[in-house]
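Presented below is the structure to which this report refers.
The values are calculated or read from the model by the stated rules, or taken from the named source; none is laboratory data. Everything quoted here is computed from the prediction, not taken from an experiment. No Cβ is skipped: glycine too gets one built from the backbone with ideal geometry, and neighbour counts run over all protein chains shown. Note: areas computed on protein heavy atoms with side chains; ligands, DNA, RNA excluded. Shrake-Rupley method; radii C 1.70, N 1.55, O 1.52, S 1.80 Å.
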Amino acid sequence: NYPYFEEHIDGIEKLFLDYQKYKKNYNIMDYDDLLINLLKVINEKREVKDALNKKYKYVMVDEYQDTNALQHEIVLGLAGKYENVLAVGDDAQSIYSFRGAEYDNIIQFPKLFEECKIYKIEENYRSTQPILDVTNKIIDDAQIKYEKELYTRNPGEEKPWIVTCEDEKQQSEFIAQKILDLRENGVELEDIAVLFRSGFLSFDLEIELNKSGIPYRKFGGMKFVETAHIKDMMSFFKIIYNPKDAVSWHRALLLLEGVGPRSAEKMIDYIQKGNFSLKSPKLNFEPRGKKKINDLFDFLGDLNMKRMSIGDKASLVSEYYLPILKGKYDDWQKRRKDIDMFIQISERYNGLEEFLNDMALEPPTESMVDIEEEDNQEEYITLSTIHSAKGLEWRVVFVIWALDGRFPSTKAADNLDQLEEERRLFY
């Protein structure tokens, strides 16, 4: 698919093999590994498969249209001889192929289980009938699908509009003016959204909204656990959980004054060779910043030994980290609020493993650092890609750039599967 990378194949293969070796050395798995290794265990260890089948006689999978090939195989393995699988999903909402989702998983599902029954849920509680009439027509033309007809008890009178504009400027001006009219007629800004196929399609509109004084928030910015200061805090907990976690060591060491990348790499090599223990964390050589490194070792060793709650440990990490935060960031006071939130979240947990799992898989999303001053206004409209807006609802929705080449995108034009996914995305 990407012939311009062909000259780099040897390098890419080496990188891949080095990456696998690295993970094994440092006792870590990424999300792919969790799936691959679980399937491997199910397929190769009969006693494990039998134990899982005996323990879990009923398997339910939500959003089945978003599963990938590996997850689908895992479901079949977990189903075992009982074949008690309840798959909930909507083939018409399969829009994540770029993340590996396989449309065929939900389409072929009835063929894989002898006694499969299909229950259609066709009543819609969110939309009005004129909107459903349009969406039913859009999906009717799909090449492969489950037949269904959505209906609602919310009759509604107003039909969706198609608005033709001469150019992007006119489109932006129309939407800004329409939003002002809606606001005058009592529609709250929070009840209005503008959706688009790709993030860059809203740039011109954002300028027009600013000119018109209409506050907005665009979704898809930094998340809580992606902020540097929360990553810093998390690194200390990850080291306690897995003292060979090189990524977390690298992050924690570089926070120390006088410790650069070279010293950090030497330290990680030293730790990797088994010369280090959280129980007796002392150095037998002289790296730059040795005192600071020994202080960090003492702190982590002490933190590891203390019998206290995760919340109390988070408070101790906060005390250790606060001077670093003040020296590293001009806006440390705003970031401090995130750290207070981090402590509050950690107080809910009894065990470190559960805490780390949840922070990785279902992290909180809002960060104080991302909320700019203008975002403190009580009202704003929502700008969002359609992928990010799935499952949300508003009273008034604009879909901009509904035009061949933009939505559906040019990339999909030569590929029927991709074009069909664009149809589902519009649906």
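Take the conditions surrounded by fewer than 17 Cβ atoms within 10 Å (Cβ to Cβ), in contact with a Lys or Arg (Cβ under 7 Å, 6 or more places away or on another chain) and of a type in the set (S, T, N, Q) and apply them to N43. Does it pass? Break it down into steps so the answer makes sense when it comes.
Numbers: surrounded by fewer than 17 Cβ atoms within 10 Å (Cβ to Cβ): yes; in contact with a Lys or Arg (Cβ under 7 Å, 6 or more places away or on another chain): no; of a type in the set (S, T, N, Q): yes.
Criteria not met by N43.
If I filter the range 46-60 down to residues being surrounded by fewer than 13 Cβ atoms within 10 Å (Cβ to Cβ) and either of a type in the set (A, V, I, L, M) or not in a helix (DSSP H, G or I) (or both), which single residue comes out as modelled with the lowest pLDDT? Write out each step before concluding.
The initial filter retains those residues of the range 46-60 that are surrounded by fewer than 13 Cβ atoms within 10 Å (Cβ to Cβ), namely 46-47, 50-51, 54-55, 57-58, 60.
Among the residues that remain, those that are also either of a type in the set (A, V, I, L, M) or not in a helix (DSSP H, G or I) (or both) are: 51, 57-58, 60.
Working: A51: 94, K57: 90, Y58: 94, M60: 95.
Restricting to residues being surrounded by fewer than 13 Cβ atoms within 10 Å (Cβ to Cβ) and either of a type in the set (A, V, I, L, M) or not in a helix (DSSP H, G or I) (or both), the top hit is K57.
What are the residues in the range 66-93 that are at negative phi and charged (D, E, K, R), if any? Within the range 66-93, D66, E73, K81, D90, D91 qualify.
Contact map, the range 164-189: residues that are within 21 Å of E393 (Cα to Cα) paired with residues that are open to solvent by 50 Å² or more (accessible area, probe 1.4 Å) and in a helix (DSSP H, G or I), Cβ distance under 7 Å, separation 6+ or inter-chain. Pairs shown: L189/R183. All of (1) exposed (fewer than 10 other Cβ atoms within 10 Å of the Cβ); (2) farther than 22 Å from R99 by Cα; (3) among the polar types (S, T, N, Q) hold for N1 with one exception: (2). Filtered by the rule that a residue be of a type in the set (V, I, T) and under 26 Å from the mean Cα position of the chain (by Cα), the range 177-219 gives I192, V194.
For the criterion of being hydroxyl-bearing (S, T, Y) and assigned to a helix (DSSP H, G or I), T135 passes.
Here Y125 fulfils each of the conditions (1) assigned to a loop (DSSP other than H, G, I, E, B); (2) open to solvent by less than 60 Å² (accessible area, probe 1.4 Å) apart from (2).
The residues listed here are L201, L182; of these, the one that is at pLDDT 95 or above and either part of a strand (DSSP E or B) or in contact with a strand residue (DSSP E or B) (Cβ under 8 Å, 6 or more places away or on another chain) (or both) is L182.
Residues of the range 1-31 that are over 24 Å from the mean Cα position of the chain (by Cα) and polar (S, T, N, Q): N1, N25. Answer yes if at least one residue in the range 164-176 is farther than 26 Å from Y216 by Cβ and part of a helix (DSSP H, G or I), and no otherwise. No, that holds for no residue. Taking first residues from the range 350-371 that are at pLDDT 65 or above and partners that are outside any helix (DSSP H, G or I) and hydroxyl-bearing (S, T, Y), the Cβ contacts under 9 Å between residues at least 6 apart in sequence or on separate chains come to N350/S309; F355/Y349; D358/Y349.
Within the range 387-406, residues that are in contact (Cβ under 8 Å) with a residue 40 or more places away in the chain and at positive phi sit with their Cβ atoms under 7 Å from residues that are outside any strand (DSSP E or B) and not β-branched (V, I, T), at 6+ positions apart or across chains, in these pairs: W401/R197; W401/L201; W401/F407. Among the residues here, I36 does not qualify as in contact with a Leu (Cβ under 8 Å, 6 or more places away or on another chain) and open to solvent by less than 50 Å² (accessible area, probe 1.4 Å).
Does the range 72-102 hold any residues that are under 22 Å from S388 (Cα atoms) and either basic (K, R) or under 20 Å from the mean Cα position of the chain (by Cα) (or both), and which are they?
Taking the range 72-102 as the starting set, the residues that turn out to be under 22 Å from S388 (Cα atoms) are 88-102.
Of everything in the range 72-102, those that are under 22 Å from S388 (Cα atoms) and either basic (K, R) or under 20 Å from the mean Cα position of the chain (by Cα) (or both) turn out to be G89, Q93, S94, I95, Y96, S97, F98, R99, G100, A101, E102.
Taking the range 248-279, which residues are among the hydrophobic types (A, V, I, L, M, F, W, C) and either surrounded by fewer than 14 Cβ atoms within 10 Å (Cβ to Cβ) or at pLDDT below 90 (or both)? Walk me through how you get there before you give the answer.
Of all residues in the range 248-279, those among the hydrophobic types (A, V, I, L, M, F, W, C) come to 249, 252-256, 259, 264, 267-268, 271, 276, 278.
Within the range 248-279, V259, A264, M267, I268, I271, F276, L278 qualify.
Would you check if there is a residue in the range 173-183 being exposed (fewer than 14 other Cβ atoms within 10 Å of the Cβ) and under 18 Å from S384 (Cα atoms)? The answer is no; no qualifying residue exists. Of all the residues in the range 305-336, those that are modelled with pLDDT of 90 or more and not in a helix (DSSP H, G or I) number 1. Looking across the range 66-99, the residues that are at pLDDT below 90, open to solvent by 40 Å² or more (accessible area, probe 1.4 Å) and not in a helix (DSSP H, G or I) come down to K81, Y82, E83. Here E102, E63 are screened, and the one residue that is open to solvent by 20 Å² or more (accessible area, probe 1.4 Å) and on the phi > 0 side of the Ramachandran plot is E63.
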